[in-house]
Amino acid sequence: LTSTKSRKASGAGWAATLPPDASTQPPGQRRWDRAAIGFLAPSGIGFLLFVIFPAVMVFGLSAVEWNLLSPARFVGWDNYLRAFSDSRLLAVYRSTALMAGGFVVLNVGLALLLAVFLETRMPRWLSSFFRMTFIFPFVVSATAVAMIWRFMLHQDLGLVNFYLGGFGVDKINWLGSSFWAPISVVIAATWRSIGFSILIFIAGLQAIPQDVREAAMVDGANAWTRFWRITLPLLSPTVLFLVIVNTLGAFQLFAEPVVLTSGGPGDASRTVVQFMYNTGFGSFQMGYASAQAVLLLAVLVVLTFLQFRLSKRWTFYG
Amino acid sequence: VRNRLLHPRGQTDRGRRSSQLSRMLGLLTAIALVAAACGSGSGGEPTETTQPTTAAPGDDSGSTTTASETGGDGEGQSTLEFIYPNFGGGSEDAANLAAETFMDAYPDVEVVPISVAADSWGTFFANTATVIAGGASPDLIHVPTEAIEFLRVNELAIPITPYMENDPDMEATLADIAPGILDGVTASNGDLYFIPQGWNNMVMYYNTARFEEAGVEFPSEDWTWEEFKETARALSDPENGQYGYAWQDVGLFVTLAPWIANTGGNLLDACEATLDTPEMHEVVTFMKGLLDEGISPTPMSAGDIFTRFMTGEVAMFGAGLWPMGTFAEPGFEDYDVTRWPTGSTYQTVLGGDGFAIMTTSDQPDLAWEFAKFSVTPEVQANRPPGGSVALRSVAEERAAATDVPANMELFYRSVEEFPVFNPFPAPPLYSEFEGVVTRHLQLIFGGEVSVEEGLANMQAEAVTCE
């Protein structure tokens, strides 16, 4: 951002990095430009084909009524108007937002605690082992993870209730109650993805200059004070990054609710993406599903913008 | 080194660009040729087709014709494409076997199976619709009973009734198929859209070792709902994680249909939902009672039920033939099957699958040959062990050769002896209908709404007739 601002301030912007006339460019520079374009091409073409093109298509599809098999019929804004008056969609947004909130708080909070513990309170060899252990679920298929959790969380025959029963806890209907089903989805999703957050936090912790900590220790700051006054402020950009990434991920949870609870009971643990899938590929209403996708994009853009704006009050870039 | 790679010595910029352009064009041409060769679907020199096939629909002359006359390339080799659901396991092998067997008998026809990955029939419909929307125009599609109304309403497949009536080969075939199996796959307008090559009817599986351990007699075939409940209760010990009967959390076919069939009710009347009826109240109240009394655990996935059944945690569950493969793999043999408990009536709940001829096919007669071929005795006998077969003669041979379950012949016999639940509740938007029923059942079984309220909400939301 800083460099962009300075370029804009100089009056040239990004154009300043390009020569005004290719013919005045030294031959070696042109070769490098072509090589750069060649290297960028695979991911650039992939991005155009698999991100930009489908996104543009979704905008187009949101203005039609189409069941994949019959010719599409232009309906203008009807799909959007329908979305705004769809009480089920509103209920699904509510359940998604609740799960997303729980997921972000649990994921980022727990990851921070575990990362600090691994980095500062554990021998290096043991820390490496646990880092690998935490990242392992992240590389396993979300569906496989959810299937294992489904087996373990079963009310009557699951291991979790079996062991809780040993402590006198009554059987919890983890997957079949409107209260517990969203919590189960959050637990399973957090278990799978927390390793990523831990790794990012560890990288952030390692980037904090040791001399700052040592100076605080010389000044007599205890561990708790050092964490609140040194570590956490210097980690705040990392926290912001993880909050944004995890919020975006939480709104797109799919495998966990589908496999664990089928979105139920009712719509208690259904996510917007699952609802969109059901609309498009269960009811074959591609236009309406596309309008939902566009609305979700708008919601996430607004949410991310707000997070950036609010972050100015609590992030510290050193 | 990098400069040498980028600029071969002795080339000018213009010459280098020209050379690069030529190479690029050459590469593109080669790719286009390879793609064309792969996509043509026919290879070798055109040959005269001599394989006998049947007459076109409506032609009752019974005369034979050639594959070239039935469609395809006209003079050379014909290509037949069919879409099939790839559920993993042996799906791909079965599809390839079907294609190869047909090609052995019809050397001038190339059969190309198109795999559509799916984990259920619902996802198969969705993915197939996407494939078709993407421009594919297969000649046939492998579908189950649940897809019939979807195919019919969207005019995706042609009725095969004219072929059935006019093809002289069909007389012997139809005589060897239980009428109930054909009833079970008949559309609501009375037409057939495929000949069932495979089918399943619902029976009750029970773990014989668990029965013996609990000192409970094996169930008789004509047991009633009350006898079933007493048996399940005797096998239940919730404190120790043992339950008499379990059912799946999704799937109308395995969850509700057998119960509702035996009350004389249905989930649909024509295409109108009938979900808030006395029969539905009776069924759902009965099932909720099983949960409340600790006879059944909360509903779970099919895979989990099979696992719990083998461990003895679940003593009974309902299914067709499909769990047998799962049980055979680890060598589990402590089970048998019996009829579903009888209510105020008894109907066997049946679903079939077969090859429907797509409306877009430009060689429907050849496609019919393939569909018909799938129910010849040779092909039926080649179906995987444990798989269902439509022909009575083959089914009897296979049942006689099967030791586990001991009552294997029940599957075919119950179709012969009892009426079939018809029409099977398969509205045009099956996935949506199933989703509505499942969501409200979750709330009822979870105790969050009463049976009355849940069924009323279910009925209000179910979209059936358009």
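The values are calculated or read from the model by the stated rules, or taken from the named source; none is laboratory data. Quantities reported herein were computed from a predicted structural model and do not represent experimental measurements. As a convention, Cβ positions derive from the backbone with ideal geometry for all residues, glycine included, and neighbour counts pool all protein chains shown.
Based on what the data block shows, is B:Asn127 touching a Pro at 6+ places or on another chain (Cβ under 8 Å) and not hydrophobic (A, V, I, L, M, F, W, C)? Working first, answer last.
On the way: touching a Pro at 6+ places or on another chain (Cβ under 8 Å): no; not hydrophobic (A, V, I, L, M, F, W, C): yes.
No: the conditions fail for B:Asn127.
Quickly run through the range B:112-145 and pick out the residues that are in a helix (DSSP H, G or I) and away from every other protein chain (no Cβ under 14 Å).
Scanning the range B:112-145 gives a single hit, B:Thr145.
Can you give me the number of residues within the range B:298-346 that are more than 23 Å from B:Ile260 (Cα to Cα), within 20 Å of the chain's Cα centre (by Cα) and more than 13 Å from chain A (Cβ to nearest Cβ)?
Qualifying residue count, the range B:298-346: 4.
Filter the range A:240-259 down to residues that are part of a loop (DSSP other than H, G, I, E, B) and surrounded by fewer than 24 Cβ atoms within 10 Å (Cβ to Cβ) and give me whichever is farthest from the chain's Cα centre (by Cα). Reasoning before the result, please.
Within the range A:240-259, the first condition is being part of a loop (DSSP other than H, G, I, E, B), and the residues that meet it are A:252-254.
Narrowing the set further to residues that are surrounded by fewer than 24 Cβ atoms within 10 Å (Cβ to Cβ) leaves A:252, A:254.
On the way: A:Gln252: 8, A:Phe254: 12 Å.
Only one residue tops the list, namely A:Phe254.
Where in the range B:193-283 are the helices (runs of 4 or more DSSP H), entirely inside, with at least 2 residues that are within 14 Å of chain A (Cβ to nearest Cβ) and either polar (S, T, N, Q) or closer than 27 Å to B:Gly325 by Cα (or both)?
B:252-255
Test B:Gly289 against the criterion of being closer than 23 Å to B:Ser220 by Cα, within 14 Å of chain A (Cβ to nearest Cβ), out of contact with any Ser or Thr (no Cβ under 6 Å at 6 or more places or on another chain) and not hydrophobic (A, V, I, L, M, F, W, C), and give yes or no. First the steps, then the outcome.
On the way: closer than 23 Å to B:Ser220 by Cα: yes; within 14 Å of chain A (Cβ to nearest Cβ): no; out of contact with any Ser or Thr (no Cβ under 6 Å at 6 or more places or on another chain): yes; not hydrophobic (A, V, I, L, M, F, W, C): yes.
No.
Counting only residues that are out of contact with any strand residue (DSSP E or B) (no Cβ under 6 Å at 6 or more places or on another chain) and modelled with pLDDT of 90 or more, which one in the range B:398-409 is nearest to B:Asp169 (Cα to Cα)? Please lay out each step first, then the result.
Restricting attention to the range B:398-409, the residues satisfying the condition of being out of contact with any strand residue (DSSP E or B) (no Cβ under 6 Å at 6 or more places or on another chain) are B:398-404, B:408-409.
Adding the requirement that they be modelled with pLDDT of 90 or more leaves B:408-409.
On the way: B:Met408: 29, B:Glu409: 27 Å.
Among those residues, the one meeting the criterion is B:Glu409.
Among (1) closer than 30 Å to B:Glu92 by Cβ; (2) in contact with a helix residue (DSSP H, G or I) (Cβ under 6 Å, 6 or more places away or on another chain), there is one condition B:Val216 misses while meeting the rest; what is its number?
(1)
Please go through the range A:68-104 and give me each residue that is within 13 Å of chain B (Cβ to nearest Cβ), surrounded by 18 or more Cβ atoms within 10 Å (Cβ to Cβ) and under 20 Å from A:Gly282 (Cα atoms), ordered by number. Quick ask: steps written out before the conclusion?
Step one: filter the range A:68-104 for residues within 13 Å of chain B (Cβ to nearest Cβ), giving A:68-72, A:86-88, A:91-92, A:95.
Restricting the remaining residues to those that are surrounded by 18 or more Cβ atoms within 10 Å (Cβ to Cβ) gives A:68, A:92, A:95.
A:Leu68, A:Val92, listed by residue number.
For the range B:386-404, does any single residue satisfy the condition of being within 14 Å of another protein chain (Cβ to nearest Cβ), buried (at least 20 other Cβ atoms within 10 Å of the Cβ) and within 21 Å of B:Tyr84 (Cβ to Cβ)?
Initially, the range B:386-404 is screened for residues within 14 Å of another protein chain (Cβ to nearest Cβ), giving none.
Among the residues of the range B:386-404, not one is within 14 Å of another protein chain (Cβ to nearest Cβ), buried (at least 20 other Cβ atoms within 10 Å of the Cβ) and within 21 Å of B:Tyr84 (Cβ to Cβ), which makes the answer no.
Considering the range B:146-160 alone, what residues qualify as being part of a helix (DSSP H, G or I) and within 11 Å of B:Phe194 (Cβ to Cβ)? Talk me through it step by step, then tell me what you get.
Taking the range B:146-160 as the starting set, the residues that turn out to be part of a helix (DSSP H, G or I) are B:146-153.
Hits for the range B:146-160 are B:Ala147, B:Ile148, B:Leu151.
Specify the residue that is surrounded by the most Cβ atoms within 10 Å (Cβ to Cβ); the eligible residues are those in the range B:252-273 that are modelled with pLDDT of 90 or more and of a type in the set (Gly, Ala, Ser). I'd like the intermediate steps shown before the answer.
Here is the first cut: in the range B:252-273, the residues modelled with pLDDT of 90 or more are B:256-267, B:273.
Next, from what is left, pick out any that are of a type in the set (Gly, Ala, Ser): B:257, B:261, B:264-265, B:273.
Details: B:Ala257: 24, B:Ala261: 28, B:Gly264: 12, B:Gly265: 21, B:Ala273: 23.
Checking each candidate, the answer is B:Ala261.
Tell me whether the range B:359-380 contains one or more residues that are within 14 Å of another protein chain (Cβ to nearest Cβ) and within 27 Å of B:Val153 (Cβ to Cβ). Outline the logic, then answer.
So the first thing to find is which residues in the range B:359-380 are within 14 Å of another protein chain (Cβ to nearest Cβ), and the list is B:359-360.
Then drop every residue that is not within 27 Å of B:Val153 (Cβ to Cβ), which leaves B:359-360.
Yes; the residues of the range B:359-380 include at least one that is within 14 Å of another protein chain (Cβ to nearest Cβ) and within 27 Å of B:Val153 (Cβ to Cβ).
Out of the residues in the range B:177-192 that are crowded, with 16+ Cβ neighbours inside 10 Å and not in a helix (DSSP H, G or I), which is modelled with the lowest pLDDT?
Initial filter on the range B:177-192 (crowded, with 16+ Cβ neighbours inside 10 Å): B:177-178, B:180-188, B:191-192.
Next, from what is left, pick out any that are not in a helix (DSSP H, G or I): B:177-178, B:185-188, B:191-192.
Details: B:Ile177: 94, B:Ala178: 93, B:Val185: 92, B:Thr186: 90, B:Ala187: 89, B:Ser188: 84, B:Asp191: 92, B:Leu192: 94.
Checking each candidate, the answer is B:Ser188.
Need pairs with beta-carbon distance below 6 Å; first residue closer than 17 Å to B:Pro299 by Cβ and within the range B:253-281, second assigned to a loop (DSSP other than H, G, I, E, B) and of a type in the set (A, V, I, L, M, F, W, C); sequence gap 6+ or separate chains.
The qualifying pairs are B:Thr255/B:Trp247; B:Ala257/B:Val349; B:Pro258/B:Met202; B:Pro258/B:Trp340; B:Pro258/B:Val349.
Find all pairs meeting these conditions: Cβ atoms under 9 angstrom apart; at least six residues apart or on different chains; first residue within the range A:167-181 and more than 10 Å from every other protein chain (Cβ to nearest Cβ) and farther than 19 Å from B:Gln248 by Cβ; second residue among the basic types (Lys, Arg) and assigned to a loop (DSSP other than H, G, I, E, B).
none
Go through the range B:293-342 and count every residue that is closer than 22 Å to B:Arg439 by Cα, β-branched (Val, Ile, Thr) and surrounded by 24 or more Cβ atoms within 10 Å (Cβ to Cβ).
1
Here's a check for you: in the range A:260-285, which residue that is more than 19 Å from A:Phe179 (Cα to Cα) and in a loop (DSSP other than H, G, I, E, B) is farthest from the other protein chains (Cβ to nearest Cβ)?
A:Gln285
Test A:Ala188 against the stated conditions and say whether it is surrounded by fewer than 21 Cβ atoms within 10 Å (Cβ to Cβ) and small (Gly, Ala, Ser). Walk me through how you get there before you give the answer.
Working: surrounded by fewer than 21 Cβ atoms within 10 Å (Cβ to Cβ): no; small (Gly, Ala, Ser): yes.
Judged against the criteria, A:Ala188 is not a match.
Go through the range B:264-291 and report how many residues are in contact with a Leu (Cβ under 6 Å, 6 or more places away or on another chain) and at positive phi.
0
Can you tell me which residue among A:Phe308, A:Phe281, A:Phe227 is of a type in the set (Phe, Trp, Tyr) and surrounded by 18 or more Cβ atoms within 10 Å (Cβ to Cβ)? Lay out the reasoning, then the answer.
Values: A:Phe308 fails: surrounded by 18 or more Cβ atoms within 10 Å (Cβ to Cβ); A:Phe227 fails: surrounded by 18 or more Cβ atoms within 10 Å (Cβ to Cβ).
Checking each option against the conditions leaves just A:Phe281.
Identify all residues within the range B:83-111 that are in a strand (DSSP E or B) and either over 30 Å from B:Glu329 (Cα atoms) or over 21 Å from the mean Cα position of the chain (by Cα) (or both); write none if there are none. Spell out how you get there, then give the answer.
Restricting attention to the range B:83-111, the residues satisfying the condition of being in a strand (DSSP E or B) are B:83-86, B:109-111.
The answer is B:Val109, B:Glu110, B:Val111.
Any residue at all in the range B:429-436 that's within 15 Å of A:Ala268 (Cβ to Cβ), within 12 Å of chain A (Cβ to nearest Cβ), touching a residue at least 60 places away in the same chain (Cβ under 8 Å) and not hydroxyl-bearing (Ser, Thr, Tyr)? Spell out the reasoning first.
If we filter the range B:429-436 for residues that are within 15 Å of A:Ala268 (Cβ to Cβ), which is where we start, we get B:435.
Keeping just the survivors that are within 12 Å of chain A (Cβ to nearest Cβ) gives B:435.
Within this subset, residues satisfying the condition of being touching a residue at least 60 places away in the same chain (Cβ under 8 Å) are none.
Within the range B:429-436, not a single residue is within 15 Å of A:Ala268 (Cβ to Cβ), within 12 Å of chain A (Cβ to nearest Cβ), touching a residue at least 60 places away in the same chain (Cβ under 8 Å) and not hydroxyl-bearing (Ser, Thr, Tyr).
Which residues, taken from the range B:193-213, are surrounded by 18 or more Cβ atoms within 10 Å (Cβ to Cβ) and among the aliphatic types (A, V, I, L, M)?
Of the residues in the range B:193-213, the ones surrounded by 18 or more Cβ atoms within 10 Å (Cβ to Cβ) are B:193-207, B:210-211.
Across the range B:193-213, the qualifying residues are B:Ile195, B:Met202, B:Val203, B:Met204.
Filter the range A:144-156 for residues that are at the interface with chain B (Cβ under 9 Å from one of its Cβ atoms) and part of a helix (DSSP H, G or I); which is farthest from the chain's Cα centre (by Cα)? Talk me through it step by step, then tell me what you get.
In the first step, residues of the range A:144-156 are kept if they are at the interface with chain B (Cβ under 9 Å from one of its Cβ atoms); the result is A:147, A:150-151, A:154-156.
Checking the rest, the ones that are also part of a helix (DSSP H, G or I) come to A:147, A:150-151.
Details: A:Met147: 21, A:Arg150: 22, A:Phe151: 26 Å.
Here the residue is A:Phe151.
Residues in the range B:213-220: is at least one without any contact (Cβ under 8 Å) to a residue 40 or more places away in the chain, small (Gly, Ala, Ser) and under 30 Å from B:Thr298 (Cα atoms)?
The answer is yes; a qualifying residue exists.
If you scan the range B:405-422, which residues turn out to be in a loop (DSSP other than H, G, I, E, B) and either within 14 Å of chain A (Cβ to nearest Cβ) or crowded, with 20+ Cβ neighbours inside 10 Å (or both)? Even if it seems obvious, please write down each step before you answer.
Initial filter on the range B:405-422 (in a loop (DSSP other than H, G, I, E, B)): B:405-409, B:418-419, B:421-422.
Once the filter is applied, which keeps residues that are in a loop (DSSP other than H, G, I, E, B) and either within 14 Å of chain A (Cβ to nearest Cβ) or crowded, with 20+ Cβ neighbours inside 10 Å (or both), the range B:405-422 yields B:Pro405, B:Met408, B:Phe421.
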